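Below is one structure; the comments refer to it alone.
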Amino acid sequence: MVVSGKVFRSSKPTSLSEVALKLNGYKVPVEPPQGAPEGIQFFSEVRQLAVQDNRLRGVFSYDDLIFVDFHGKEVGVPITRDAPFEFVQSPTGLYLIVVAKKWRANSVSRRLNDVIYVTREIRPISVDPAAMAKLVEERTENQVVTFFDNLNLNVDKLSLYGQSLPETGVYRQYASSGGIWYTVARSKRFGYVVGLGRNGVVVGFGLKDPEKFFEYVREEVLPALSSGLQGDRAGELRARHSAGSRTSDPESQDKGRGVAGHIRPSPWPRGILGAEGCDTALTARTACW
C-alpha cells in the first residue's frame with residue numbers, strides 16, 4: 001500500500017490556536033458537480049480536529065462525484081473523500097502536511113487556506129538542491145531511481161535506475177552539475193521505502209497508517225529540508241521566530257514534463273515511482289506507471 005502526500009508552508013505568522021479556531025466547526029454546502037443526482041446536497045467540512053504539542057491534526061472531507069457504467073450508460077455516484085492533514089509549528093514556520101495525491105493535496109491546501117486566511121498564504125515548499133542532496137545522502141540508502149534536473153543538457157529531467165547509484169561516476173556527475181528532483185530510497189532511520197521530491201511531494205511505500213506517514217515527514221523530512229527552502233530566508237525566519245513570528249517563501253513552480261536520459265525498460269515493479277511518479281517526474285520515453 002502507498003501513502004502519498006505533500007508539504008506546504010504558510011507565509012503568514014499564525015498560531016495553531018488561530019488555525020484551530022478558524023477550522024473548528026467548518027462545514028459548508030457546495031455546488032453539486034455536473035451530472036450529480038437531484039436532491040443530494042454536497043458539503044465540504046473539517047472533522048476530527050485535535051491539538052497535540054506543536055501540531056494540529058484533522059480531516060478535510062468533501063463530497064465528489066464518480067462515474068460508473070450502468071447498462072452502457074455513465075451514471076454519477078456521490079462519494080465522500082477524506083484527506084487527513086496536519087499543521088506543524090516549527091522554528092522556520094507553520095507547515096501543512098496533506099495526505100493525498102499531489103493534485104488533490106494542492107486542492108485541499110487551497111481550500112484550507114481559504115478558510116483560515118483572506119489571501120493566499122499556504123503554498124507548496126520549494127527545496128534547495130543542496131538541501132535535497134544532503135537529505136538523500138545522510139538519511140537514505142539503497143536508492144532505486146533518481147531524477148535530476150538543471151543539467152544543462154537540453155532536457156528538463158533525466159533519470160537513473162539501479163542499485164548503488166551514489167557509487168557510480170555518472171550519478172556523481174549529474175549530482176554535481178544538476179540537482180536531485182525526485183528519488184526513491186530507503187530511510188536509514190525508519191526503514192521505509194520513500195519517494196522524495198523537491199516540490200514537497202512525499203510518498204511512503206508499504207505504509208497503511210497515515211500516522212506513520214505524518215511521523216516520518218514531521219521528524220525526518222521537515223528538519224532536513226526546512227533550512228534549505230529555495231529562495232530561503234532561513235536566517236530571517238529563525239530570527240523572526242525567536243521574536244515571536246513566522247514567515248514563508250513563495251510557491252515553487254511545479255514542473256512536470258521532461259525527457260528521460262538513460263532509456264531502457266525499468267527493472268522496478270510497476271508503481272515504484274508511487275502515486276506521484278507521473279506528476280513529479282514525467283519522462284517522455286520511459287514508462288509512466
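Among the conditions (1) in contact with a Lys or Arg (Cβ under 6 Å, 6 or more places away or on another chain); (2) of a type in the set (A, V, I, L, M); (3) surrounded by 19 or more Cβ atoms within 10 Å (Cβ to Cβ); (4) at pLDDT 95 or above, I125 misses just one, which is (4). Given the condition at pLDDT 85 or above, of a type in the set (G, A, S), out of contact with any helix residue (DSSP H, G or I) (no Cβ under 6 Å at 6 or more places or on another chain) and not assigned by TED's automatic domain parsing to the domain that holds R55, answer yes or no: does some residue in the range 215-229 qualify? Among the residues of the range 215-229, not one is at pLDDT 85 or above, of a type in the set (G, A, S), out of contact with any helix residue (DSSP H, G or I) (no Cβ under 6 Å at 6 or more places or on another chain) and not assigned by TED's automatic domain parsing to the domain that holds R55, which makes the answer no. Screening the range 91-116 for residues that are closer than 20 Å to R218 by Cβ and of a type in the set (G, A, S) and picking the one that is modelled with the lowest pLDDT gives G93.
For the range 155-175, the condition holds for no residue, the condition being that it is touching a Leu at 6+ places or on another chain (Cβ under 6 Å) and under 18 Å from G204 (Cα atoms).
Let's see how each residue does on (1) closer than 30 Å to L56 by Cβ; (2) within 22 Å of the chain's Cα centre (by Cα); (3) surrounded by 21 or more Cβ atoms within 10 Å (Cβ to Cβ):
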| site | (1), (2), (3) |
| --- | --- |
| E137 | no, yes, no |
| G200 | yes, yes, yes |
| L207 | yes, yes, no |
| E211 | yes, yes, no |
| V221 | yes, yes, yes |
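Scanning the range 175-192 for residues that are without any contact (Cβ under 8 Å) to a residue 40 or more places away in the chain and farther than 14 Å from E137 by Cα returns S177, F190, G191, Y192.
The values are calculated or read from the model by the stated rules, or taken from the named source; none is laboratory data. Owing to the predicted nature of the structure, the values given are computational and were not obtained by experimental measurement. Cβ: placed from backbone, ideal geometry, glycine included. Neighbour counts: every protein chain shown.
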